[in-house]
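Below: one structure, written as structure tokens.
The values are calculated or read from the model by the stated rules, or taken from the named source; none is laboratory data. The model shown is predicted, which means the values in this text are computed figures rather than measured ones. Neighbour counts run over all protein chains shown; Cβ positions are idealised from the backbone, glycine included. Protein only, heavy atoms only, side chains kept; ligands, DNA and RNA dropped before computing areas. Shrake-Rupley method; radii C 1.70, N 1.55, O 1.52, S 1.80 Å.
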Amino acid sequence: MQRSKFFLSSLAFLAVTMMAQAQSKVYFTRDISPEGLVKVYEAVGRPATGRVAVKISTGEAGGHNYLKPTLIRNLVEQVNGTIVECGTAYGGSRQDPKKHWETIHQHGFDSLFAVDIMDEFGDLRIPVRDRKHIKYNIVGNHLPYYDFMINLAHFKGHAMGGFGGVLKNASIGVASTSGKAYIHTAGKKQSAAELWQNLPAQDFFLESMAAAAQAVHLFFGNGERILYINVMNNMSVDCDCSSHPAEPQLADVGILASTDPVALDQACLDIVFNHVDQPGNTAKPLQERIQRQHGTHTVDYAEQIGLGTRKYTLINIDK
């Protein structure tokens, strides 16, 4: 689908409006390509050093909207990165390590990159600053192997969180299977088998995600050794954790990056909610999914606990 002049004018208006109260910088390119991804990464000005974890979702078996290895290849190779992920807590093809490796192979990741299922052999607890719901964060025990993390998220909808961006990728994404259950139940349970019988109030889950994302941010040098990227393509209302996601109805937008995950997710939300619909290019289903799950509360609460700011300058690096 072609981007309309209405989208471009809305984006320009959004940039001018937010610059008036800017704090964090969010970089933007319309170029959704291997070269565009490297370009926006470099624009942030925080080079990945040491042992670099590139946190993505390798996608559920049967799904097709996940970030493809061909798209991310140049960036991963440039930073000599390792693709990292953790097991899921809902069954499917990625809760069992053997099936997870099969899915990784089917989707072509292990043929191009080093890949690490960080909780394949255990997990560990890391501290959280906000203890309103969760008292610690449970992550894969390989997390300390890495000096730097590139949080490379596919921005899209999500059945439980409303949307998935870098905050979800840092929280649910970095959490082990037990950690995912712990976040989803807002600190009640660590067993995936008990997850669905112990779901908390929706906002408690969203707040737990924000707290877990902050824990990972602080783990990497108080946020100095982590960088965040959202790719706004194939934006289904369903997450890459779905094996049969709904087809996207919103046209591809571009790639955004920042050192501030709150500003970054907020910028993507603003693009979605300021979108001017055209025939065959509508944001309404994604907007409704986010609103129904009160998804914006994750960003609001992340700002409240000091993870980042919702105020940003949007910098178009294509100009």
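Were the residues from residue 246 through residue 80 laid out at 0.36 nm apart, the gain over their Cα-Cα distance would be 56.4 nm.
Taken along the Cα-to-beta-carbon direction at a fixed 7 Å, the label points for residue 99 and residue 43 span 4.0 nm. Computed with a 1.4 Å probe on the full set of protein chains, the accessible area for residue 160 sits at about 40 Å².
How far is helix 69-78 tilted, in degrees, relative to the longest principal axis of the Cα atoms in the chain, given as a value from 0 to 90 rounded to the nearest 10? It is inclined by approximately 80 degrees. Once the Cα atoms are used to define both axes, helix 5-19 deviates from the longest principal axis of the chain by about 70 degrees.
For region 46-74, the residues whose amide N sits under 19 Å from a probe point set 7 Å from the Cα of residue 112 along the beta carbon direction are 52-74. Relative to the longest principal axis of the Cα atoms of the chain, the long axis of helix 261-273 lies at roughly 50 degrees.
Extending 7 Å from the Cα toward the beta-carbon at both residue 191 and residue 145 defines two label points whose distance is 3.0 nm.
Shape analysis of region 151-195 yields a ratio of the Cα radius of gyration to the Kirkwood radius, Rg/Rh, of 1.00.
Between residue 292 and residue 90, what's the calculated FRET efficiency when r is the beta-carbon distance and R0 is 25 Å? Round to 0.05. Show your work: numbers first, answer last.
Numbers: r = 19 Å, r/R0 = 0.78.
Calculated value: 0.80.
Net charge in the neighbourhood of residue 110 (other residues with Cβ under 12 Å of its Cβ; Lys, Arg +1, Asp, Glu -1) is -3. Backbone amide hydrogens, once placed in the peptide plane, bring residue 156 within less than 5 Å of 164, excluding anything fewer than 5 places away on its chain.
Pull up the DSSP beta bridges for the chain and report the antiparallel fraction as a percent, rounded to 5.
Details: 17 of 39 bridges.
Of those bridges, close to 45 percent are antiparallel.
Run the numbers for residue 278 and residue 318: contour at 0.36 nm per residue of separation, minus the present Cα-Cα distance, in nm.
Working: separation 40, 0.36 × 40 = 14.40 nm, distance 2.37 nm.
Gain on extension, residue 278 to residue 318, equals 12.0 nm.
Of all lysines in the structure, those lying under 28 Å Cα to Cα from residue 39, and not within fewer than 8 positions of it along the same chain, are 5, 25, 55, 68, 156, 168, 311, 319. A Cβ-based charge dipole, computed about the Cα centre of the chain with Lys and Arg at +1 and Asp and Glu at -1, lands at about 480 debye.
So if R0 is 30 Å, what FRET efficiency would residue 125 and residue 224 give, r being the distance between their Cβ atoms, rounded to the nearest 0.05? Efficiency computed from Cβ-Cβ geometry: 0.85.
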